[in-house]
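Enquirer: One structure, pasted below without further comment.
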Amino acid sequence: MPTELGQLSKLTYGFGASSNQFSSALPSELGNLDQLSYGLWQIESGFTSTVPSEIGRLVNMNSNFWLYSNQFTGALPSELGNIVSMAMSFSVNNNAFSKAIPTQVGRLVSIESGVRLDQNIFSQAIPTQLGNMVDITSALYLKDNSFTSSMPTEFGRFSKLESGISWTLTSITGNLPSQLGMLTCVTESFNVHTSYVKGENSSTLPTEIGQLTGIASRLQIYGRHLTGPIPSELGRLTALGTYFSLYGNSFSGTLPSELGNLATMSSYFYLYGNTVRVRQRIDSQCPVPSRPV
């Protein structure tokens with residue numbers, strides 16, 4: 001992309017160059033387009049290298065920031081946290097961003113639609129500051145990264161989140177936070193894939209997940225080290241319509257009879273890979289007759 005496009009400094013709406021084959025870096029000169037009031041769209045355009053920190057000068061954008069499905073590498077610039085007027089969506093998924101997610105992303109508290117950080121190679125701790133983005137209603141995607149931390153309890157603040165959750169959290173430590181039960185506005189899906197650092201304690205499934213009674217499509221919580229009993233409170237999720245899966249964990253104990261309340265499901269019920277058992281029924285207490293002599 002020509003650096004001279006940075007001279008279009010009087011643009012006041014948006015700048016889009018999606019679905020091209022640039023095979024080059026995003027020019028830092030685009031940071032001069034600081035009058036843009038709507039959005040920046042650079043999708044599937046073949047951009048490589050790092051995102052220039054100068055993009056953080058586009059502080060008047062109030063809608064969409066889309067850099068997804070390119071070949072960006074390196075760290076996500078912390079300066080992007082300066083675009084605090086962004087109110088719709090922030091999508092940098094399907095790239096090769098690495099290192100930690102900048103804590104400054106948590107300053108984008110006006111975003112109402114969704115945040116997509118998935119399908120990168122982010123590592124280190126998940127910033128607790130993401131919990132400040134309390135107005136998100138559509139989606140928060142973190143799957144397919146390489147985080148190494150516990151899931152922040154601050155995720156329980158996403159009380160307006162409606163459509164779905166998709167978190168793949170590899171090499172995390174500690175328990176799933178009980179605060180996830182506060183996400184009671186979720187109506188579509190709840191997908192969490194967890195795996196744990198070798199040698200760390202395993203995690204149990206919080207009973208508070210049973211408070212997410214509005215989920216109408218799927219509940220999928222799978223991984224390697226969720227242990228203990230399957231909470232009977234999951235039987236409260238009677239709106240589930242298609243998919244219930246706890247596969248690939250290490251649940252034990254008896255299978256709650258309350259799961260029979262999920263009578264509206266029409267597609268999948270998966271529990272394989274666990275060690276749960278069925279409670280034995282004792283119909284009578286009749287004595288065993290003695291053998292005749």
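Enquirer: Limited to the stretch 117-159, what total is found for residues that are among the basic types (Lys, Arg) and in contact (Cβ under 8 Å) with a residue 40 or more places away in the chain? Walk me through how you get there before you give the answer.
Expert: Of the residues in the stretch 117-159, the ones among the basic types (Lys, Arg) are 143, 157.
Narrowing further to those that are in contact (Cβ under 8 Å) with a residue 40 or more places away in the chain: 143.
Selection size over the stretch 117-159: 1.
Enquirer: Give me the residue from the stretch 99-135 that is among the charged types (D, E, K, R) and in a loop (DSSP other than H, G, I, E, B) and, out of that set, nearest to residue 166 (Cα to Cα). Spell out the reasoning first.
Expert: Filtering the stretch 99-135 down to residues among the charged types (D, E, K, R) leaves 99, 107, 112, 116, 118, 135.
Okay, now just the ones that are also in a loop (DSSP other than H, G, I, E, B), so 112, 118, 135.
Working: 112: 17, 118: 9, 135: 17 Å.
Looking at residues that are among the charged types (D, E, K, R) and in a loop (DSSP other than H, G, I, E, B), I get 118.
Enquirer: So which residues in the stretch 69-99 are within 16 Å of the chain's Cα centre (by Cα) and open to solvent by 30 Å² or more (accessible area, probe 1.4 Å)?
Expert: 94
Enquirer: Look at the stretch 210-243 and say how many of its residues are open to solvent by 10 Å² or more (accessible area, probe 1.4 Å), farther than 19 Å from residue 193 by Cβ and among the small types (Gly, Ala, Ser).
Expert: Adding up the residues that qualify gives 5.
Enquirer: Restricting to the stretch 27-47, give me the number of residues that are touching a strand residue (DSSP E or B) at 6+ places or on another chain (Cβ under 9 Å) and open to solvent by less than 40 Å² (accessible area, probe 1.4 Å).
Expert: At the first step, the residues of the stretch 27-47 found to be touching a strand residue (DSSP E or B) at 6+ places or on another chain (Cβ under 9 Å) are 30, 33, 36-43, 47.
Among the residues that remain, those that are also open to solvent by less than 40 Å² (accessible area, probe 1.4 Å) are: 30, 33, 36, 39-40, 42-43, 47.
Of the residues in the stretch 27-47, 8 are touching a strand residue (DSSP E or B) at 6+ places or on another chain (Cβ under 9 Å) and open to solvent by less than 40 Å² (accessible area, probe 1.4 Å).
Enquirer: Keeping to the stretch 48-68, report how many residues are over 20 Å from residue 81 (Cβ atoms) and crowded, with 19+ Cβ neighbours inside 10 Å.
Expert: Of all residues in the stretch 48-68, those over 20 Å from residue 81 (Cβ atoms) come to 48-49.
When the remaining residues are screened for being crowded, with 19+ Cβ neighbours inside 10 Å, the result is none.
Count: 0.
Enquirer: Given the options 104, 119, name the one that is open to solvent by 50 Å² or more (accessible area, probe 1.4 Å) and more than 13 Å from the chain's Cα centre (by Cα).
Expert: Values: 119 fails: more than 13 Å from the chain's Cα centre (by Cα).
So the residue among 104, 119 that is open to solvent by 50 Å² or more (accessible area, probe 1.4 Å) and more than 13 Å from the chain's Cα centre (by Cα) is 104.
Enquirer: Can you name the residue in the stretch 268-293 that is in contact with a strand residue (DSSP E or B) (Cβ under 6 Å, 6 or more places away or on another chain) and modelled with pLDDT of 85 or more and, of all such residues, is surrounded by the fewest Cβ atoms within 10 Å (Cβ to Cβ)?
Expert: In this case the residue turns out to be 275.
Enquirer: Could you figure out which of (1) open to solvent by less than 60 Å² (accessible area, probe 1.4 Å); (2) over 16 Å from residue 81 (Cα atoms); (3) modelled with pLDDT under 90 isn't true of residue 114?
Expert: Exception for residue 114: condition (2).
Enquirer: Of all residues in the stretch 244-266 being under 19 Å from residue 186 (Cβ atoms) and in a loop (DSSP other than H, G, I, E, B), which is most open to solvent (accessible area, probe 1.4 Å)?
Expert: Restricting to residues being under 19 Å from residue 186 (Cβ atoms) and in a loop (DSSP other than H, G, I, E, B), the top hit is 264.
Enquirer: Is there a residue in the stretch 106-115 that is within 20 Å of residue 177 (Cβ to Cβ) and in contact (Cβ under 8 Å) with a residue 24 or more places away in the chain?
Expert: Kept after step one, since they are within 20 Å of residue 177 (Cβ to Cβ), are these residues of the stretch 106-115: 106, 115.
If we keep only those that are in contact (Cβ under 8 Å) with a residue 24 or more places away in the chain as well, we get 106, 115.
There is at least one residue in the stretch 106-115 that is within 20 Å of residue 177 (Cβ to Cβ) and in contact (Cβ under 8 Å) with a residue 24 or more places away in the chain.
Enquirer: Under 6 Å by Cβ, and 6 or more places apart or on different chains, what pairs join a residue from the stretch 223-243 that is assigned to a loop (DSSP other than H, G, I, E, B) with one that is among the aromatic types (Phe, Trp, Tyr)?
Expert: Short answer, once both residue conditions are applied: 225/196; 230/251.
Enquirer: Given the criteria small (Gly, Ala, Ser), open to solvent by less than 60 Å² (accessible area, probe 1.4 Å) and touching an Asp or Glu at 6+ places or on another chain (Cβ under 6 Å), does residue 131 qualify? So that I can check it myself, show each step before the final result.
Expert: Details: small (Gly, Ala, Ser): yes; open to solvent by less than 60 Å² (accessible area, probe 1.4 Å): yes; touching an Asp or Glu at 6+ places or on another chain (Cβ under 6 Å): yes.
Against the criterion (small (Gly, Ala, Ser), open to solvent by less than 60 Å² (accessible area, probe 1.4 Å) and touching an Asp or Glu at 6+ places or on another chain (Cβ under 6 Å)), residue 131 qualifies.
The values are calculated or read from the model by the stated rules, or taken from the named source; none is laboratory data. Treat the numbers as computed from the prediction; the structure is a model and nothing was measured. Cβ coordinates were reconstructed from backbone atoms using ideal geometry, including for glycine residues, and neighbour counts include every protein chain displayed. Just so you know, the surface numbers come from the protein's heavy atoms only, side chains and all, with ligands and any DNA or RNA stripped out. Shrake-Rupley method; radii C 1.70, N 1.55, O 1.52, S 1.80 Å.
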